[in-house]
1. Only residues that are within 21 Å of the chain's Cα centre (by Cα) and not hydroxyl-bearing (Ser, Thr, Tyr): list them for region 421-437, please.
2. When region 478-493 is examined, which residues are found to be more than 16 Å from Thr420 (Cβ to Cβ) and either in the same structural domain as Met375 (by the TED database) or open to solvent by less than 10 Å² (accessible area, probe 1.4 Å) (or both)?
3. Quick test for you: out of Arg475, Arg385, Arg398, pick the one residue that is at pLDDT below 95, of a type outside the set (A, V, I, L, M, F, W, C) and open to solvent by 10 Å² or more (accessible area, probe 1.4 Å).
4. Kindly check whether there is at least one residue in region 326-333 that is among the hydroxyl-bearing types (Ser, Thr, Tyr) and in contact with a Leu (Cβ under 9 Å, 6 or more places away or on another chain).
5. Within region 472-513, track down each residue that is within 24 Å of Arg176 (Cβ to Cβ), within 23 Å of the chain's Cα centre (by Cα) and among the charged types (D, E, K, R).
6. Considering only residues that are aromatic (Phe, Trp, Tyr) and touching a helix residue (DSSP H, G or I) at 6+ places or on another chain (Cβ under 6 Å), which ones fall in region 179-207?
7. Just the residues that are touching a residue at least 40 places away in the same chain (Cβ under 8 Å) and open to solvent by 30 Å² or more (accessible area, probe 1.4 Å), please, taken from region 166-183.
8. Going through region 360-382 one residue at a time, which ones are within 16 Å of Val326 (Cα to Cα) and crowded, with 17+ Cβ neighbours inside 10 Å?
Amino acid sequence: MNGGLQSHDTGGRTPSDSSIDDAEKGMSGAMHPLPFVYLGQKATRTSHSHLLPISPIHEGITPLSSVPELPLSRPLPTPQTSNDKVPEVMVKKSNPLKPKIGRWILFDLWFNTYRKFFTIVTLLNLTGIILASLGRFRYAENHSGALVLGNLLCAILFRNELWMRFLYGVFIYGLRSWAPLPIKYAATSILQHVGGIHSGCALSGTAWLLYKVIDIIRYHAVQHPAVLASGIVTNLLIFISVLSAFPWVRDTYHNVFEKHHRFIGWLGLATTWVFVVMGNIYDIKTGQWRSDAHVLISGQELWFAVFMTTFVLIPWVTLRQVPVEVEIPSSKVAVIRFKRGMQQGLLGRISRTSIMEYHAFGIISEGRHSPYHYMICGVQGDFTRGLVADPPKSVWTRELKFAGVGHASAMFRRGIRVCTGTGIGAALSTCIQSPNWFLIWIGSDQERTFGPTITGLIHNNIEPGRMILWDSKKRGGRPNIMELLKETWEVWQAEVIFITSNMQGNDEMMQGCRAAGLHAFGTLWDF
């Protein structure tokens, strides 16, 4: 059951299309073992602009590589134009053997905090159901409806924009000034993986609902048929909503998932109200309907239903149709500009209609007081292809934005933000708004693909001493990213790494960082 019953489409991608979008193709092969260069000291922040109103690329000039040549290691030959040959030492000659990753590291990455939350929640509820079936759980016997609604309320909360922004605020402002790093790492992992609570509670609530309906059927002789019928209908609707959110359905048939999870979920919420009210006011001892309002108001079930409805509605009351300007720098990307600035680490959902097909994208902004913020939409499915083929003049969006794990970067003193392709959309705000974050962006022909607006935001706000923009097309492939990250970690004195990449790149970097003892948080694909 989705908090606010919204789309899980992270970054606007659907894995059914591919884990690699068009803006990343050509750079998804094995990591090339290349020599690289790096900074020896932090550069001072300066105000400068590398761009004319129209990017040089549109005048037939290929800009120089923005990878800084710095003194810690051998200087890396930099191609001066797109026609220059990449030196042989930079070109992959054979498939290098991937470093062997220990089984414990692979298991630890698989059994992450998401799965731990999911396991704990489902096991606790399963234990409760077994005890209730054996007559050893008196509360469940008298308040099984409260256990149903309590679980569903938790499932909604941990997908709700307002609640999650609140949790991020508590952790960030409560920990950043005093907490040791292990506590900050644990807090960040909790914030990133609360989806495990969402999934576990949704499944557990459905299980308790099934238990309650079976219990009613067992004693149907003393129950009113209307209560029994509403319970069965509610069970069916909630069951469909939960099934539609299973990974195979959600990832393969995104629109099917969205329609069923949202609209069937809303119907399930409505019938839950009917089931709760009827169940509370029907007295099975006398076989009569009670008209005492106190009986209904004093029931736990009613208040759980009230809060469920409130948190479902909150994101939707902030829904607005807003004007936008769309830049199409290439056939692979649409850059959407919105009015007003945003703090870093937030994501927004957009759609061409008011209630259907919402997709989430990272928000790029120079700060809260900036006049604009931007979204990078890599061409992936029908929705993003439509943005390029038929750019909209306005889109629907929720003004209440939700926090991505990058929002937790405010908890740390210094860090590294590494991304590939359209991952720059989720990563860039952090490095623009904080001078203590280092940007590594690996992409293919970045300025030509992403255009002057994004390139201008980078060069006008991030000094060369704290960024590496690796053009894999000009350099003949990707760098040895783990060597790059390890040296950056040491020299930049980083406390944490945040990764935004496709599934293959994310897995390689997360495994490498864990083996090297670097604290990293990567992209999460819900299940």
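The values are calculated or read from the model by the stated rules, or taken from the named source; none is laboratory data. Given the structure is predicted, the values throughout are model-derived calculations rather than measurements. Cβ: placed from backbone, ideal geometry, glycine included. Neighbour counts: every protein chain shown. These area figures cover heavy atoms from the full protein model, side chains too; ligands, DNA and RNA do not enter into them. Shrake-Rupley method; radii C 1.70, N 1.55, O 1.52, S 1.80 Å.
1. Across region 421-437, the qualifying residues are Gly421, Gly423, Ile424, Gly425, Ala426, Ala427, Leu428, Cys431, Ile432, Gln433, Trp437.
2. Within region 478-493, just Trp492 meets the criteria.
3. One residue alone meets the criteria, Arg385.
4. So far as region 326-333 goes, no, none of its residues is among the hydroxyl-bearing types (Ser, Thr, Tyr) and in contact with a Leu (Cβ under 9 Å, 6 or more places away or on another chain).
5. Within region 472-513, Glu495 is the sole residue that qualifies.
6. none
7. Residues satisfying the conditions are Phe171, Arg176, Leu181.
8. If the condition is that a residue be within 16 Å of Val326 (Cα to Cα) and crowded, with 17+ Cβ neighbours inside 10 Å, then Phe361, Gly362, Ile363, Ile364, Ser365, His373, Tyr374, Met375, Ile376, Cys377, Gly378, Val379 are the ones that fit.
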